[in-house]
Amino acid sequence: MSNMQQIDSYTTLFGVIGDPIRHSKSPVMMNRAFRETGINGVYAAFHITTETLPDFIRGVRAMNIRGVNVTIPHKLNVMELLDRIDQGAAAIGAVNTIVNDNGILTGYNTDGIGYVRSLKEETFADLAGKTITVIGAGGACRGIVYTLLQEKPKKLTIVNRTAEKAEELAQSLSFYCPVGTELDASSTEELATLCTDADIVINTTSVGMHPHTGISPLDSLWLNPQATVSDLIYNPLQTELLRLAELRGCKTHNGLGMFIYQGAYAFEYWTGKSAPVQAMRETVMLSLSAQTSK
Ligand code: ATR
């Protein structure tokens, strides 16, 4: 590519670690962001296991790798190997971004803020005073609920197949719930009513994800046609839930934006420059369509 920055002795190193990692779209997205902004950086994918994680972190210090994204299964385990944990990441209990300041490694979590920025920018939603129903209570849900609470919704209800997990999550995040916001937990028995009452319904479960694409976590007849429906899944880009919600007249939002913006925040923490979000999105879309046409 003609505008590709030459890799030379000044090139700054970045990467993503996970197990598995070869499916990751982060390298194409982040390298495009570096090219677009003229930053002399290169971003690679490292297949790191639980056993090699401590060695990898020593390598980050030794090689002065400036930034690392962390994905499954290291988001929790990596925390004890870092020097500092950002307040938000500590509250969420997971790190997805490491910033290396001359050997001082700080862990951040950009998943929740990435998701909320994407939701607000792509649906023009003002979340203050809104009623939000979040389906699921897993790892991805936690950062999202923590960040949504800071937007001061009127009410946020976590609904999960295993109701105890929803209760536990709501309990553990109640400390971060602002005055005037009601944080609740519920079983799926209440899902119909909770969908009907919601301004925003968010699916954080894996229901509808590739390869089990024909299923939805709820009946779209429960949805208020004025509501916004958001799905964290981006493979496929339009899940069964979003397809039915759109037919119902709802505004819809897929998980691609969360992926783009979690990367955008990481880019901004590492470089101090604003991320070229449009170019990043374009690159990921191209990469996804190349994959599905294979
Ligand atoms: P992640 O870290 O991606 O959030 P996770 O921690 O495994 O993944 O959580 C998956 C979430 O999807 C859970 O809330 C799970 O519900 P349970 O706690 O009851 O297991 C939910 N989930 C997965 N498959 C589901 C299904 N078929 N129906 C309803 N909920 C499902």
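For the reader, a short list of remarks on this structure follows.
- Pairs of lysines in the chain (C-alpha under 28 Å apart; 8 or more residues apart or interchain): 27
- Distance between the range 14-34 and the range 62-92 - C-alpha centres, whole angstrom: 16 Å
- Taking a point 7 Å out from the Cα of HIS210 in the direction of its Cβ, the residues of the range 245-288 whose backbone N falls within less than 15 Å of it are 255-257, 259, 284-288.
- In degrees, nearest ten, helix 139-149 long axis to first principal axis of the chain (Cα): 70 degrees
- Crossing angle, helix 256-271 versus the chain [Cα axis fit, 0-90 degrees, rounded to tens]: 40 degrees
- Spatial separation of Cα centroids for the range 131-182 and the range 40-57, in angstrom: 32 Å
- Prolate/oblate/rounded label for the chain (Cα gyration tensor, a/c 1.5): prolate
- Ordering of 169-181, 242-254 by burial proxy (mean other Cβ atoms within 10 Å per residue, highest first): 242-254, 169-181
- The range 251-292 and the range 93-110: distance between their alpha carbon centers, rounded to Å: 19 Å
- 14 Å beta-carbon shell around ASN77, net charge (K/R +1, D/E -1): -3
- Tilt relative to the chain, helix 277-292 - C-alpha long axis, 0 to 90 degrees, to 10: 80 degrees
- Helical mean residue ellipticity (222 nm; -39500 (n - 2.57) per DSSP H run of 4+; nearest 500) of the chain: -11500 deg cm²/dmol
Any read-out appearing in this document is the output of simple, stated calculations on the displayed coordinates, not a laboratory observation. Everything numeric in this text was worked out from a predicted model, so none of it was measured. Methodologically, a virtual Cβ is constructed for each residue, glycine included, from the backbone with ideal geometry; neighbour enumeration extends over all protein chains shown.
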